[in-house]
Structures are given as structure tokens and as C-alpha cells.
Amino acid sequence: MEFSREVLERFPGISVVEGDIKQLSISIESSGLERLKAEVAEDIRSRYTLEGVKDDPTFRAYRDFFWSVGIDPTKTRPASEALIRRLLSGGGLPRINTAVDAYNLASALSGVPIAAFDADKLDGSLLMRFAHQGEAFLGIGMKAPISLKPNQVVLTDGARIIAIYPYRDSDDTKVTQDTRNIHLVCCGVPNINKDKILRAYTLCAAYLKEHASGTASEPAVYP
């Protein structure tokens with residue numbers, strides 16, 4: 001991944017861990033993954049409280065990043081925090097398919113937001129940059145495109161915006177049951193140690209291997 005000079009200057013210490021998970025066999029669900037999700041939910045409920053999760057140093061770092069790009073994290077949560085809050089509120093992790101469920105599980109356990117894209121739908125290498133005023137973006141679950149502001153950080157491939165960093169991926173490149181190859185981006189922000197992001201990738205790769213038969217590449221740390 002390349003980074004624009006403006007992003008690196010404004011956010012010293014920002015980093016990502018990237019890698020590919022290939023030859024996936026994705027199903028709607030698996031009993032083993034559902035059991036693991038239940039175990040993880042129990043573990044998370046023992047480690048956090050709904051009132052205190054916002055003060056965890058990891059989530060505080062992502063919240064601080066959100067505030068700095070004009071996103072209110074009390075309304076739009078960092079992806080990993082949103083998953084944990086869902087569990088603490090009595091809900092369960094979403095059931096989408098075995099690949100999406102696996103990387104959501106890794107995100108909740110690690111505290112690191114994880115972006116995942118259908119690698120066969122990407123066009124060239126990725127770039128992290130600031131959005132241009134008025135650029136359109138259609139994220140997963142959105143009914144219509146939104147208009148972006150220039151302080152928002154985005155990921156692009158050679159053709160389009162594929163994510164608002166680090167919380168919403170594009171509908172165009174989302175992972176479905178037909179996906180065979182995934183490109184993972186474990187998302188770091190200032191004050192998040194790179195080793196923590198690497199551990200998130202390793203955990204995610206292991207879950208995808210076990211529950212979606214994927215083969216992971218070695219992780220690459222950028223910049």
C-alpha cells in the first residue's frame with residue numbers, strides 16, 4: 001500500500017498490515033465457527049463493560065483518530081468497538097458467511113478494525129489518501145452513495161474508493177460466498193503498536209484457514 005504525503009504528515013505512526021487469503025471455500029455458516037463465536041462472546045463479556053469499553057487504550061486511540069477526521073465515534077463506532085458493544089448489549093456477532101464471520105471475530109478479539117476485499121475485484125495496488133470534496137462512496141449496507149468530505153481518509157485501488165478508513169468497506173468489493181481470494185487490511189492508527197496489528201492479521205488468517213479453508217500469505221507492514 002502507498003500512503004499520500006498528506007496522510008503521513010498528519011498522522012505520524014499510522015500503519016497497516018496487508019496480506020492475501022487465497023483459495024477460499026466460503027459457506028453460509030459452520031457449526032465449529034458458531035461454537036467459537038459463542039466462546040469469544042463469553043470471553044469478551046468477561047473482559048469489558050459497556051460503560052468502560054470507551055476508555056480502553058486501544059479503542060481510545062481509534063476514537064481519537066475518528067475525532068481528528070471529523071467523525072463522531074459516539075455515533076459511528078470504530079468497527080472493532082462496534083462488534084464488542086453489540087456483544088455487551090446482549091446481541092451476537094453478525095452471521096453473514098464463514099469468511100466475514102471469521103474476520104469479524106478476529107477484529108472483536110484483537111480490538112483492531114479489519115477491512116476485507118474480494119481480491120479479484122480490485123484494480124491494482126492500494127493507496128491511502130484524503131478524500132476529495134464531494135467524492136461519492138457506496139459502502140456495505142448503504143442504500144445510496146454518500147458525499148465525502150476532504151478531511152476523511154479513504155483507501156482506493158486504481159479505479160475507485162474501496163473503503164472509508166478504518167470503518168466502512170465498499171459494496172463493490174465486499175466478500176460474498178462466491179469470493180475465492182480476499183485481500184486483508186488490518187487497520188492501524190497513531191498510538192497503536194504495529195505488533196498488535198500483526199497479531200490481528202495472524203489471528204484472522206488462522207480463523208480463515210480453519211473455517212473457510214484459506215491459505216494466507218505472509219503479512220506486509222506499511223509504511
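Under the condition of being in a helix (DSSP H, G or I) and open to solvent by 40 Å² or more (accessible area, probe 1.4 Å), the residues counted in region 2-53 number 15. Counted as qualifying within region 147-223 are the strands (runs of 3 or more DSSP E) with 3 or more residues that are under 13 Å from the mean Cα position of the chain (by Cα) and within 12 Å of A116 (Cα to Cα), namely 182-187.
All of (1) within 25 Å of S27 (Cβ to Cβ); (2) without any contact (Cβ under 8 Å) to a residue 60 or more places away in the chain; (3) out of contact with any helix residue (DSSP H, G or I) (no Cβ under 7 Å at 6 or more places or on another chain); (4) assigned to a helix (DSSP H, G or I) hold for V100 with one exception: (2).
Would you pick out the residues in region 88-125 that are aliphatic (A, V, I, L, M), in contact with a strand residue (DSSP E or B) (Cβ under 9 Å, 6 or more places away or on another chain) and open to solvent by 10 Å² or more (accessible area, probe 1.4 Å)? Within region 88-125, V100, I114, A119, L122 meet the criteria.
Quick check on this structure: which one of F117, F65 is assigned to a helix (DSSP H, G or I), at pLDDT 95 or above and within 23 Å of I161 (Cβ to Cβ)? Just a single option satisfies the conditions, and that option is F65. List every residue pair whose Cβ atoms lie under 8 Å apart, where the two residues are 6 or more positions apart in sequence or sit on different chains, the first residue falls within region 34-55 and is within 17 Å of L208 (Cα to Cα), and the second residue, located anywhere, is of a type in the set (A, V, I, L, M, F, W, C). Cβ pairs passing all conditions: L36/L105; K37/L93; K37/L105; V40/L93; V40/L105; V40/A108; V40/L109.
The values are calculated or read from the model by the stated rules, or taken from the named source; none is laboratory data. Because the structure is predicted, anything quoted here is derived from the model rather than measured. We place every Cβ from the backbone using ideal geometry, glycine too, and count neighbours over all the protein chains shown. Keep in mind that these areas ignore ligands, DNA and RNA; they rest on the heavy atoms of the full protein, side chains included. Shrake-Rupley method; radii C 1.70, N 1.55, O 1.52, S 1.80 Å.
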